[in-house]
Amino acid sequence: MEEKLVLHFPPTLIDKPIISDLVRKYDLHFNILKAYITPEEEGNLVLELKGEEKNLNSAIEELKNMGVKVQSIKSDVKMIEERCIHCTVCIPLCPVGAIYFEKETESVKFNPEKCIACGICIKACPTKAMVLTI
Amino acid sequence: MRKTIAEINEKIKKGKAVVVTAEELIDMCKKQGVKKVAKEIDVVTTGTFGPMCSSGLFINFGHANPRIKMGGGKVYLNGVPAYAGLAAVDVYIGASALPDNDPRNTEYPGDFKYGGGHVIEDLVAGKEVKLEVMTYKTDCYPRKELSTWIKLSDVNEAILFNPRNCYQNYNVAVNLSKKTIYTYMGILKPELGNANYCSAGQLSPLLKDPYLKTIGFGTRIFLGGGVGYVAWWGTQFNPSVKRRKNGIPLSPGCTLALIGDLKQMKPEFLRGASLTGYGVSLIVGIGIPIPVLNEEICRWAAIPDEEIYAPVVDYSNDYPNCKDKVLGEVNYAQLKSGKIELMGKEVPTGSLSSYKKAKEIASILKEWILKGEFLLTEKIFDFPGPESGYTFKSLKIRE
Ligand code: SF4
Ligand code: SF4
């Protein structure tokens with residue numbers, strides 16, 4: 001089984017080797033897609049975790065118990081196209097280039113495949129075209 | 001070659017006027033030269049679509065039975081306070097108004113989900129809006145309270161009156177500090193993480209007629225999807241700013257006060273805006289026709305993005321503390337490319353103003369003129385020019 005997750009680490013946990021410990025303990029494979037620290041000093045890690053279903057679930061459980069917020073990337077961000085005015089102000093804020101400008105149509109486009117649900121575009125969009133759907 | 005507005009209007013009525021958008025004009029002038037193009041073209045259309053906080057709406061609700069005196073009382077539209085210091089049933093709701101119970105920035109950065117700009121968008125979209133009034137009783141206006149629903153078609157007048165729109169050029173905002181800041185220019189990431197601008201550049205009305213030779217009191221325009229007029233020069237009008245040789249101001253210069261009938265307007269061109277950590281606003285669509293009366297006017301209207309420069313300003317320290325420091329100048333072609341070079345760093349850019357919508361507005365105005373539905377107006381008088389010494393002052397705080 002494979003899952004794409006966003007892990008939000010509170011500042012107190014940032015420098016602990018949590019992931020490597022878990023991976024060893026539960027025999028998981030992982031692939032880090034993105035790591036960054038927010039202005040509020042929360043550590044964010046976007047990763048794919050692979051392994052046996054019950055091991056994966058135990059690992060997620062353990063993370064939650066430690067105080068790490070675990071968000072599955074299925075709880076997703078969506079662009080409501082009718083609300084987008086194609087201003088571009090969200091583009092430089094997206095950490096993974098999931099929102100981009102398409103030259104041919106002079107339009108702003110959203111690629112949900114790349115999105116890691118960080119939520120910054122939701123804050124940045126003046127017309128509330130970017131929304132969180134759970 | 002010299003044309004008059006009357007001559008151009010005759011051509012418009014006969015369906016013979018030659019009209020292009022400013023973007024099309026730029027292309028033509030590059031290929032054929034201004035001299036030739038100026039003879040051929042009668043009207044150039046411009047457009048802009050961006051947040052403009054100094055906007056608002058006058059409403060007359062009509063009288064209820066028994067009567068109520070809103071003037072001097074408290075009036076709310078969907079919970080957003082309207083200004084009621086006018087006659088019995090006239091109010092003004094400003095784009096930046098917030099509900100009394102909005103947490104504002106107490107939960108920093110505030111969301112500013114709904115405010116005056118959104119009320120205006122809801123009204124123009126034909127939605128029902130809740131009207132609540134609390135006031136005092138008089139012999140001729142006995143009612144003290146009222147709560148009802150209204151929509152745009154119910155009210156007598158709904159007059160959009162914006163004291164300051166259509167800025168001639170604007171700052172490019174950056175953040176030199178070490179923390180993210182939330183401004184009216186959007187979210188700015190630390191240490192030059194991004195650079196935000198807010199102008200349509202080569203399509204923006206006042207950049208296409210930099211000395212307002214054709215735009216003045218009474219100029220008929222596209223406003224919010226309907227027809228509007230230039231009602232005065234805008235607040236903070238500053239024709240005396242430093243300019244480049246081509247007439248383009250180096251910093252924000254002239255502005256316009258605009259007026260129009262909301263009942264003609266469309267929600268596609270008037271949108272409420274929420275600026276995280278800052279407040280609410282109204283995104284206004286404006287298009288101004290420029291009559292090509294002579295070659296000089298054509299040359300100005302054909303100034304391309306590459307020749308329109310905007311000042312880069314730090315919004316973490318310099319802007320809040322009124323320091324007139326400019327970190328650099330960049331042109332709109334660079335800004336629109338998605339990145340600029342600043343202080344030895346490559347900085348990604350974003351715009352608050354929509355160029356795509358600005359282009360749509362310029363095209364719609366062009367269609368109106370081509371179809372003979374929109375005639376040009378002679379301005380009634382000129383606004384103060386650079387030679388007048390008219391400028392804008394800051395507020396001195398004294399005991
Ligand atoms: S939530 Fe928005 S900013 Fe964050 S990754 Fe997805 S598209 Fe980009
Ligand atoms: S900020 Fe909102 S309106 Fe502007 S381009 Fe992004 S999604 Fe569209």
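With the condition kept exactly as written, say whether any residue in region B:55-75 is free of Cβ contacts under 8 Å to residues at least 12 places away in the same chain, more than 25 Å from B:Lys130 (Cβ to Cβ), of a type outside the set (D, E, K, R) and in a loop (DSSP other than H, G, I, E, B).
Start the filter on region B:55-75 by keeping residues that are free of Cβ contacts under 8 Å to residues at least 12 places away in the same chain, which leaves B:65.
With more than 25 Å from B:Lys130 (Cβ to Cβ) added as a condition, the list becomes none.
The answer is no, given that none of the residues of region B:55-75 is free of Cβ contacts under 8 Å to residues at least 12 places away in the same chain, more than 25 Å from B:Lys130 (Cβ to Cβ), of a type outside the set (D, E, K, R) and in a loop (DSSP other than H, G, I, E, B).
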Self-check item: strands (runs of 3 or more DSSP E) contained entirely in region B:328-375, each with at least 1 residues that are not assigned by TED's automatic domain parsing to the domain that holds B:Gly193
Solution: none
Practice problem: Among the numbered conditions (1) near ligand 1 (Cβ under 8 Å from one of its atoms); (2) of a type in the set (A, V, I, L, M, F, W, C); (3) in contact with a helix residue (DSSP H, G or I) (Cβ under 8 Å, 6 or more places away or on another chain), tell me where A:Cys118 comes up short. | Solution: (3)
Practice problem: Search region A:110-126 for residues that are without any contact (Cβ under 8 Å) to a residue 40 or more places away in the chain and under 11 Å from A:Cys94 (Cα atoms) and pair each with any residue that is near ligand 1 (Cβ under 7 Å from one of its atoms) and assigned to a strand (DSSP E or B) when their beta-carbon atoms are under 7 Å apart and the residues are at least 6 apart or on different chains. | Solution: A:Phe110/A:Ile99
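Right, B:Phe217: over 26 Å from B:Glu24 (Cβ atoms), surrounded by fewer than 18 Cβ atoms within 10 Å (Cβ to Cβ), touching a residue at least 12 places away in the same chain (Cβ under 8 Å) and among the aromatic types (Phe, Trp, Tyr) or not?
Details: over 26 Å from B:Glu24 (Cβ atoms): yes; surrounded by fewer than 18 Cβ atoms within 10 Å (Cβ to Cβ): yes; touching a residue at least 12 places away in the same chain (Cβ under 8 Å): yes; among the aromatic types (Phe, Trp, Tyr): yes.
Here the answer is yes, as B:Phe217 does meet what is asked.
Condition check: touching a Leu at 6+ places or on another chain (Cβ under 8 Å) and either more than 9 Å from ligand 1 (Cβ to nearest atom) or within 13 Å of chain B (Cβ to nearest Cβ) (or both). Does A:Val108 satisfy that? So that I can check it myself, show each step before the final result.
Values: touching a Leu at 6+ places or on another chain (Cβ under 8 Å): no; either more than 9 Å from ligand 1 (Cβ to nearest atom) or within 13 Å of chain B (Cβ to nearest Cβ) (or both): yes.
So A:Val108 does not fit the description; no.
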Quiz item: Since A:Ile37 meets every condition but one in (1) exposed (fewer than 14 other Cβ atoms within 10 Å of the Cβ); (2) touching a Pro at 6+ places or on another chain (Cβ under 7 Å), which condition does it not meet?
Solution: (2)
Practice problem: Identify, from the list A:Ile85, A:Ile37, the residue that is free of Cβ contacts under 8 Å to residues at least 24 places away in the same chain and under 21 Å from A:Gly119 (Cβ atoms). | Solution: A:Ile37
Quiz prompt | Number of the exception - A:Thr127 against (1) within 14 Å of ligand 1 (Cβ to nearest atom); (2) within 13 Å of chain B (Cβ to nearest Cβ); (3) surrounded by 14 or more Cβ atoms within 10 Å (Cβ to Cβ) | solution = (1)
Self-check item: Test: A:Leu132 is within 8 Å of another protein chain (Cβ to nearest Cβ) and under 15 Å from the mean Cα position of the chain (by Cα)
Solution: no
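Looking at B:Ile159, B:Ile187, can you tell me which residue is at the interface with chain A (Cβ under 10 Å from one of its Cβ atoms), at pLDDT 95 or above and in a strand (DSSP E or B)?
On the way: B:Ile159 fails: at the interface with chain A (Cβ under 10 Å from one of its Cβ atoms).
Step by step, each of B:Ile159, B:Ile187 is checked, and only B:Ile187 is at the interface with chain A (Cβ under 10 Å from one of its Cβ atoms), at pLDDT 95 or above and in a strand (DSSP E or B).
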Quiz item: In region A:89-105, which residues are surrounded by fewer than 20 Cβ atoms within 10 Å (Cβ to Cβ), within 8 Å of ligand 1 (Cβ to nearest atom) and either free of Cβ contacts under 8 Å to residues at least 60 places away in the same chain or at positive phi (or both)?
Solution: A:Gly97
Quiz prompt | Matching residues, region A:35-69, being touching a helix residue (DSSP H, G or I) at 6+ places or on another chain (Cβ under 8 Å) and closer than 13 Å to A:Leu7 by Cα | solution = A:Glu42, A:Gly43, A:Leu45, A:Leu47, A:Leu49, A:Ala59, A:Glu62, A:Leu63, A:Met66, A:Gly67, A:Val68
Exercise. Among the residues of region B:108-135, write down those that are within 15 Å of B:Glu268 (Cβ to Cβ) and among the hydrophobic types (A, V, I, L, M, F, W, C).
Key: B:Ile120, B:Leu123, B:Val124, B:Ala125
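Any idea which of B:Leu293, B:Leu262, B:Leu256 is in contact with a Ser or Thr (Cβ under 8 Å, 6 or more places away or on another chain) and of a type outside the set (Val, Ile, Thr)? Outline the logic, then answer.
Details: B:Leu262 fails: in contact with a Ser or Thr (Cβ under 8 Å, 6 or more places away or on another chain); B:Leu256 fails: in contact with a Ser or Thr (Cβ under 8 Å, 6 or more places away or on another chain).
Residue meeting the stated conditions: B:Leu293.
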Quiz item: Of the residues that sit in region B:162-184 and are of a type in the set (S, T, N, Q) and away from every other protein chain (no Cβ under 12 Å), which one is surrounded by the fewest Cβ atoms within 10 Å (Cβ to Cβ)?
Solution: B:Asn171
Quiz prompt | Of the criteria (1) touching a Gly at 6+ places or on another chain (Cβ under 9 Å); (2) modelled with pLDDT of 95 or more; (3) surrounded by fewer than 16 Cβ atoms within 10 Å (Cβ to Cβ), which one A:Lys109 fails | solution = (1)
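The values are calculated or read from the model by the stated rules, or taken from the named source; none is laboratory data. No experiment lies behind these values; they were computed from the predicted model shown. With ideal geometry, Cβ positions are generated from the backbone for all residues, glycine too; neighbour counts draw on all protein chains shown.
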